[in-house]
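First the structure, in the form of structure tokens, and then the observations on it.
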Amino acid sequence: MTDLKSQIIPDKVPQHIAIIMDGNGRWAKQKGMPRVLGHRSGVKSVREVTEAAGEIGVKYLTLYAFSTENWSRPPAEVTALMGLLVETIRGEIRELNKNGVRLMAIGDLEALPAESYRTLLEGMEQTKNNTRLTLVLALNYSAKWEILRAARILAEQAAAGALRPQDIDETVFESALSTRGIPDPELLIRTSGETRISNFLLWQIAYAELYFTPVFWPDFGKKELFEAILSYQRRERRFGMISEQLAR
Ligand code: FPP
């Protein structure tokens with residue numbers, strides 16, 4: 001592990017890593033356990049990956065914790081996930097503060113169950129002055145929801161005469177997204193062997209490097225995060241240019 005960490009080039013650590021945490025259910029099934037225990041083990045990975053990210057200087061970590069589509073899961077699983085969210089936030093506040101982690105959330109938060117929403121607001125309030133790492137939970141989130149919402153916000157401003165349609169550029173559009181002020185992720189990780197984006201941060205990942213691993217989320221920890229970062233660091237990010245144009 002120390003060996004993996006020492007291979008990471010400090011000034012090429014991504015500022016922002018986004019993760020689609022997948023495979024909790026299959027992990028549990030493989031072990032003959034109920035799915036909910038998979039989610040519970042997934043929380044351990046959230047803790048370990050957050051700590052590891054802070055340790056190597058990642059500034060933003062965005063985790064896909066609950067998608068708009070996840071409401072169609074069995075009601076008992078939805079209730080368990082919401083309960084786990086409340087329990088985790090309440091239980092981790094002290095640790096987050098100790099480690100300088102600021103909690104944020106993106107998504108249609110007001111539509112969450114009242115207790116989840118309230119706990120989330122409390123968690124964000126109690127960690128708002130931390131500056132080492134921002135942990136962004138995507139909750140009741142989908143990228144299409146976010147992009148449509150941005151379009152509506154801008155259309156309303158235009159209709160009110162506060163914005164001219166010709167002035168809508170990338171910067172203006174980004175200011176209407178939930179991730180306003182957060183740099184785009186350079187690295188997107190998805191666990192569990194699935195190779196889809198599943199309606200996650202569609203605008204923001206335009207130039208992200210994608211990293212897919214067969215490891216189920218409950219088995220994804222510090223070592224796996226460092227391996228993903230090393231894979232990212234070995235790639236050449238050209239942004240449409242040719243190798244020779246890139247500053248070395
Ligand atoms: C995907 O596994 C995981 C989720 C939909 C939820 C992720 C939630 C947690 C890790 C726990 C709560 C999070 C926080 C931040 C407190 P899956 O159920 O889709 O797995 P499967 O594809 O194998 O069924």
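The values are calculated or read from the model by the stated rules, or taken from the named source; none is laboratory data. Just so it is clear, the model here is predicted, and its values are computed rather than measured. Because the Cβ atoms are built from the backbone with ideal geometry, glycine has one as well, and the counts that use them run over all protein chains shown. Accessible surface areas use protein heavy atoms only, side chains included; no ligands, DNA or RNA. Shrake-Rupley method; radii C 1.70, N 1.55, O 1.52, S 1.80 Å.
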Within the range 28-55, the residues that are open to solvent by less than 50 Å² (accessible area, probe 1.4 Å) and over 20 Å from Met104 (Cα atoms) are Ala28, Gly38, His39, Ser41
If you go through Val86, Val58, Val13, the only one that is within 13 Å of the ligand (Cβ to nearest atom), aliphatic (A, V, I, L, M) and open to solvent by less than 30 Å² (accessible area, probe 1.4 Å) is Val86
* Asked: Within the bounds of the range 186-203, is there any residue that is more than 17 Å from Leu63 (Cα to Cα) and open to solvent by 50 Å² or more (accessible area, probe 1.4 Å)?
  -> no
Scanning the range 176-195 residue by residue, those assigned to a loop (DSSP other than H, G, I, E, B) and touching a helix residue (DSSP H, G or I) at 6+ places or on another chain (Cβ under 6 Å) turn out to be Ala176, Leu177, Ser178, Thr191
(request) Using the structure shown, decide if Ala53 is among the small types (Gly, Ala, Ser), touching a residue at least 24 places away in the same chain (Cβ under 8 Å), more than 10 Å from the ligand (Cβ to nearest atom) and in a helix (DSSP H, G or I). (result) yes
Gly100 vs (1) within 15 Å of the ligand (Cβ to nearest atom); (2) open to solvent by 10 Å² or more (accessible area, probe 1.4 Å): all pass except (1)
Selection from the range 176-205 of residues farther than 30 Å from Ala158 by Cβ and of a type in the set (A, V, I, L, M, F, W, C) yields Leu187, Leu188, Ile189
Of the candidates Ser72, Ser45, Ser6, Ser67, the one satisfying the condition of being within 10 Å of the ligand (Cβ to nearest atom), more than 23 Å from Pro183 (Cα to Cα) and small (Gly, Ala, Ser) is Ser45
Counting only helices (runs of 4 or more DSSP H) entirely within the range 57-169, those with at least 3 residues that are farther than 30 Å from Val36 by Cβ are 143-159
Restricting attention to the range 183-239, the residues that are of a type in the set (Phe, Trp, Tyr) and within 20 Å of Tyr141 (Cα to Cα) number exactly 3
